[in-house]
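J.: Structure provided below as C-alpha coordinates; questions to follow.
The values are calculated or read from the model by the stated rules, or taken from the named source; none is laboratory data. On a predicted model such as this, the values are computed, not experimentally measured, just so you know. Every residue, glycine among them, receives a Cβ derived from its backbone with ideal geometry; neighbour counts consider all protein chains shown.
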Amino acid sequence: MNWQEAVEKTVTGLGYDLVDCERSPAGLLRVYIDKLPEEALAGALINVEDCERVTRQLQYLLEVENCAYERLEVSSPGLDRPLKKTSDYQRFVGEEIEITLRMPFQGRKKYKGILSALEVAADSSVAVEPVAPAVAAALPADATPAPAWRVVFNDGKADQALDFSLEEVREARLVPVVNFKGRGVKPATGKKPGGAKAAKTDDKVDGGPDQ
(Lines give C-alpha, C1' and ligand atoms only; values in the text may rest on other atoms or scores of the structure.)
Protein backbone atom coordinates (compact mmCIF):
# COMPACT_ATOMS: atom_id res chain seq x y z
CA MET A 1 0.00 0.00 0.00
CA ASN A 2 1.46 3.41 -0.97
CA TRP A 3 1.05 6.55 1.11
CA GLN A 4 -1.89 7.85 -0.92
CA GLU A 5 -3.84 4.63 -0.51
CA ALA A 6 -3.00 4.58 3.20
CA VAL A 7 -4.26 8.14 3.65
CA GLU A 8 -7.48 7.57 1.71
CA LYS A 9 -8.23 4.31 3.50
CA THR A 10 -7.72 5.90 6.91
CA VAL A 11 -9.66 9.12 6.30
CA THR A 12 -12.68 7.46 4.69
CA GLY A 13 -12.61 4.66 7.25
CA LEU A 14 -12.95 7.22 10.03
CA GLY A 15 -16.02 8.68 8.35
CA TYR A 16 -14.56 11.80 6.74
CA ASP A 17 -14.29 13.04 3.18
CA LEU A 18 -10.72 13.17 1.83
CA VAL A 19 -10.54 16.48 -0.04
CA ASP A 20 -6.89 16.39 -1.07
CA CYS A 21 -3.46 15.19 -0.02
CA GLU A 22 -0.06 16.33 -1.19
CA ARG A 23 3.54 15.55 -0.43
CA SER A 24 6.39 18.03 -0.77
CA PRO A 25 9.96 17.09 -1.75
CA ALA A 26 11.02 18.00 1.78
CA GLY A 27 8.78 15.26 3.19
CA LEU A 28 5.84 17.39 4.36
CA LEU A 29 2.59 15.44 4.01
CA ARG A 30 -0.52 17.64 3.92
CA VAL A 31 -3.98 16.12 4.25
CA TYR A 32 -7.22 18.06 3.88
CA ILE A 33 -10.39 16.54 5.31
CA ASP A 34 -14.04 17.52 5.41
CA LYS A 35 -17.28 16.29 6.90
CA LEU A 36 -19.38 13.98 4.74
CA PRO A 37 -21.96 15.85 2.60
CA GLU A 38 -24.95 14.96 4.76
CA GLU A 39 -23.17 16.17 7.91
CA ALA A 40 -21.94 19.35 6.22
CA LEU A 41 -25.47 20.15 5.02
CA ALA A 42 -26.60 19.90 8.64
CA GLY A 43 -24.02 22.54 9.56
CA ALA A 44 -21.20 20.36 10.88
CA LEU A 45 -17.68 21.76 10.45
CA ILE A 46 -14.24 20.22 10.80
CA ASN A 47 -12.71 21.10 14.17
CA VAL A 48 -9.45 20.47 16.02
CA GLU A 49 -10.75 17.22 17.53
CA ASP A 50 -11.50 15.84 14.06
CA CYS A 51 -8.01 16.72 12.85
CA GLU A 52 -6.38 15.23 15.93
CA ARG A 53 -8.33 12.01 15.49
CA VAL A 54 -7.25 11.64 11.87
CA THR A 55 -3.66 12.63 12.70
CA ARG A 56 -3.31 9.94 15.37
CA GLN A 57 -4.66 7.23 13.09
CA LEU A 58 -2.55 8.35 10.14
CA GLN A 59 0.61 8.41 12.26
CA TYR A 60 -0.04 4.82 13.30
CA LEU A 61 -0.92 3.53 9.84
CA LEU A 62 1.92 5.31 8.02
CA GLU A 63 4.42 3.75 10.40
CA VAL A 64 2.86 0.31 10.06
CA GLU A 65 2.97 0.64 6.26
CA ASN A 66 6.53 2.03 6.45
CA CYS A 67 5.58 5.21 4.55
CA ALA A 68 8.39 7.70 5.04
CA TYR A 69 7.55 11.33 5.81
CA GLU A 70 9.07 14.15 7.86
CA ARG A 71 6.00 16.02 9.01
CA LEU A 72 2.24 15.52 8.84
CA GLU A 73 -0.35 18.29 8.66
CA VAL A 74 -4.08 17.58 8.82
CA SER A 75 -6.55 20.41 8.37
CA SER A 76 -9.90 21.48 6.97
CA PRO A 77 -9.92 22.49 3.28
CA GLY A 78 -10.65 26.13 4.12
CA LEU A 79 -13.14 28.53 2.59
CA ASP A 80 -11.62 28.18 -0.88
CA ARG A 81 -12.07 24.40 -0.89
CA PRO A 82 -10.59 22.70 -3.96
CA LEU A 83 -12.82 20.58 -6.18
CA LYS A 84 -10.95 17.46 -7.23
CA LYS A 85 -13.38 14.68 -8.05
CA THR A 86 -16.84 14.18 -9.53
CA SER A 87 -18.45 13.90 -6.10
CA ASP A 88 -17.04 17.34 -5.19
CA TYR A 89 -18.76 18.92 -8.20
CA GLN A 90 -22.00 17.10 -7.41
CA ARG A 91 -21.85 18.31 -3.83
CA PHE A 92 -21.38 21.98 -4.70
CA VAL A 93 -23.85 22.45 -7.55
CA GLY A 94 -25.37 25.90 -7.09
CA GLU A 95 -22.27 27.34 -5.42
CA GLU A 96 -19.93 29.96 -6.90
CA ILE A 97 -16.64 28.48 -8.07
CA GLU A 98 -13.54 29.60 -9.93
CA ILE A 99 -12.01 27.26 -12.51
CA THR A 100 -8.72 27.44 -14.36
CA LEU A 101 -8.67 25.58 -17.68
CA ARG A 102 -5.67 23.62 -18.90
CA MET A 103 -5.89 25.37 -22.25
CA PRO A 104 -7.14 28.92 -22.84
CA PHE A 105 -10.55 29.39 -24.45
CA GLN A 106 -11.29 32.66 -26.21
CA GLY A 107 -8.10 34.12 -24.75
CA ARG A 108 -8.70 33.24 -21.11
CA LYS A 109 -8.22 30.35 -18.73
CA LYS A 110 -10.04 31.54 -15.61
CA TYR A 111 -13.80 31.66 -15.21
CA LYS A 112 -15.83 32.44 -12.08
CA GLY A 113 -19.52 31.73 -11.76
CA ILE A 114 -22.26 29.44 -10.52
CA LEU A 115 -21.70 25.72 -10.97
CA SER A 116 -24.43 23.49 -12.36
CA ALA A 117 -24.67 20.01 -13.81
CA LEU A 118 -25.07 20.24 -17.57
CA GLU A 119 -28.18 18.12 -17.76
CA VAL A 120 -30.09 20.43 -15.38
CA ALA A 121 -28.92 23.73 -16.87
CA ALA A 122 -31.47 24.36 -19.61
CA ASP A 123 -32.09 28.09 -19.33
CA SER A 124 -32.63 29.29 -22.89
CA SER A 125 -31.87 32.88 -21.84
CA VAL A 126 -28.22 31.98 -21.25
CA ALA A 127 -25.80 31.92 -24.18
CA VAL A 128 -23.84 28.66 -24.09
CA GLU A 129 -20.19 28.58 -25.12
CA PRO A 130 -18.83 25.35 -26.66
CA VAL A 131 -16.31 23.17 -24.87
CA ALA A 132 -12.77 24.55 -25.15
CA PRO A 133 -11.68 23.24 -28.59
CA ALA A 134 -7.93 23.21 -27.91
CA VAL A 135 -8.30 20.35 -25.45
CA ALA A 136 -10.77 18.39 -27.57
CA ALA A 137 -8.57 18.72 -30.67
CA ALA A 138 -5.61 17.18 -28.86
CA LEU A 139 -7.52 13.97 -28.16
CA PRO A 140 -8.67 11.15 -30.47
CA ALA A 141 -12.28 11.54 -31.58
CA ASP A 142 -13.40 8.58 -29.50
CA ALA A 143 -11.55 9.88 -26.44
CA THR A 144 -12.93 13.44 -26.39
CA PRO A 145 -14.48 13.95 -22.93
CA ALA A 146 -18.14 14.93 -23.00
CA PRO A 147 -18.86 18.11 -21.04
CA ALA A 148 -20.79 17.33 -17.89
CA TRP A 149 -20.61 20.63 -15.99
CA ARG A 150 -21.44 24.26 -16.58
CA VAL A 151 -20.35 27.51 -14.99
CA VAL A 152 -22.66 30.48 -15.52
CA PHE A 153 -20.99 33.88 -15.33
CA ASN A 154 -21.64 37.48 -16.33
CA ASP A 155 -19.28 39.15 -18.80
CA GLY A 156 -20.47 42.61 -17.87
CA LYS A 157 -23.17 42.64 -20.51
CA ALA A 158 -25.13 39.42 -20.18
CA ASP A 159 -25.08 35.99 -18.55
CA GLN A 160 -22.86 33.50 -20.35
CA ALA A 161 -22.23 29.80 -19.77
CA LEU A 162 -19.18 27.64 -20.29
CA ASP A 163 -19.64 23.87 -20.54
CA PHE A 164 -16.63 21.79 -19.52
CA SER A 165 -15.43 18.33 -18.55
CA LEU A 166 -13.20 17.60 -15.58
CA GLU A 167 -10.38 16.64 -17.95
CA GLU A 168 -10.26 20.24 -19.16
CA VAL A 169 -9.81 21.70 -15.67
CA ARG A 170 -6.38 22.43 -14.21
CA GLU A 171 -7.77 23.73 -10.92
CA ALA A 172 -11.17 24.47 -9.42
CA ARG A 173 -12.03 26.03 -6.09
CA LEU A 174 -15.03 27.39 -4.22
CA VAL A 175 -15.21 31.17 -4.07
CA PRO A 176 -14.89 31.97 -0.35
CA VAL A 177 -18.00 33.15 1.45
CA VAL A 178 -17.02 34.88 4.67
CA ASN A 179 -19.24 34.16 7.66
CA PHE A 180 -18.70 36.62 10.51
CA LYS A 181 -21.00 34.73 12.88
CA GLY A 182 -18.27 32.33 13.94
CA ARG A 183 -14.53 32.30 14.39
CA GLY A 184 -11.94 29.75 13.38
CA VAL A 185 -10.28 27.65 16.06
CA LYS A 186 -6.59 27.80 16.78
CA PRO A 187 -4.35 25.04 15.41
CA ALA A 188 -3.06 22.36 17.73
CA THR A 189 0.15 20.41 17.42
CA GLY A 190 1.20 16.92 18.33
CA LYS A 191 4.47 15.00 18.11
CA LYS A 192 4.92 11.80 16.17
CA PRO A 193 4.63 8.66 18.31
CA GLY A 194 7.51 6.26 18.77
CA GLY A 195 10.19 8.78 19.65
CA ALA A 196 10.53 11.08 16.68
CA LYS A 197 14.03 12.28 15.97
CA ALA A 198 14.96 15.79 17.06
CA ALA A 199 15.57 16.81 13.46
CA LYS A 200 11.93 16.19 12.61
CA THR A 201 9.43 18.95 13.29
CA ASP A 202 6.14 18.40 15.08
CA ASP A 203 3.12 17.21 13.17
CA LYS A 204 0.30 19.72 12.94
CA VAL A 205 -3.45 19.59 13.03
CA ASP A 206 -5.57 22.53 12.08
CA GLY A 207 -9.32 22.79 12.31
CA GLY A 208 -9.41 26.22 10.70
CA PRO A 209 -12.50 27.88 9.20
CA ASP A 210 -14.39 25.72 6.77
CA GLN A 211 -17.12 26.48 4.24
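J.: Within the stretch 91-98, identify whether any single residue is in a loop (DSSP other than H, G, I, E, B), among the charged types (D, E, K, R) and assigned by TED's automatic domain parsing to the domain that holds residue 160, and answer yes or no.
T.: Yes, some residue in the stretch 91-98 is in a loop (DSSP other than H, G, I, E, B), among the charged types (D, E, K, R) and assigned by TED's automatic domain parsing to the domain that holds residue 160.
J.: Select from the stretch 97-114 the residues that are among the hydroxyl-bearing types (Ser, Thr, Tyr) and closer than 13 Å to residue 83 by Cα and list them in ascending order.
T.: Answer for the stretch 97-114, where residues must be among the hydroxyl-bearing types (Ser, Thr, Tyr) and closer than 13 Å to residue 83 by Cα: just 100.
J.: Considering only residues that are in contact (Cβ under 8 Å) with a residue 40 or more places away in the chain and either assigned to a helix (DSSP H, G or I) or out of contact with any Pro (no Cβ under 6 Å at 6 or more places or on another chain) (or both), which ones fall in the stretch 18-34?
T.: Within the stretch 18-34, 23, 26, 27, 28, 29, 30, 31, 33 qualify.
J.: Does the stretch 64-99 hold any residues that are of a type in the set (Val, Ile, Thr), in contact (Cβ under 8 Å) with a residue 60 or more places away in the chain and farther than 21 Å from residue 51 by Cβ, and which are they?
T.: Across the stretch 64-99, the qualifying residues are 86, 97, 99.
J.: Here is a further query. All but one of (1) assigned to a loop (DSSP other than H, G, I, E, B); (2) not assigned by TED's automatic domain parsing to the domain that holds residue 9 hold for residue 43, so report the exception by its number.
T.: Result: residue 43 fails condition (2) only.
J.: Name every residue in the stretch 79-90 that is part of a loop (DSSP other than H, G, I, E, B) and buried (at least 20 other Cβ atoms within 10 Å of the Cβ), in order of residue number.
T.: 81, 83
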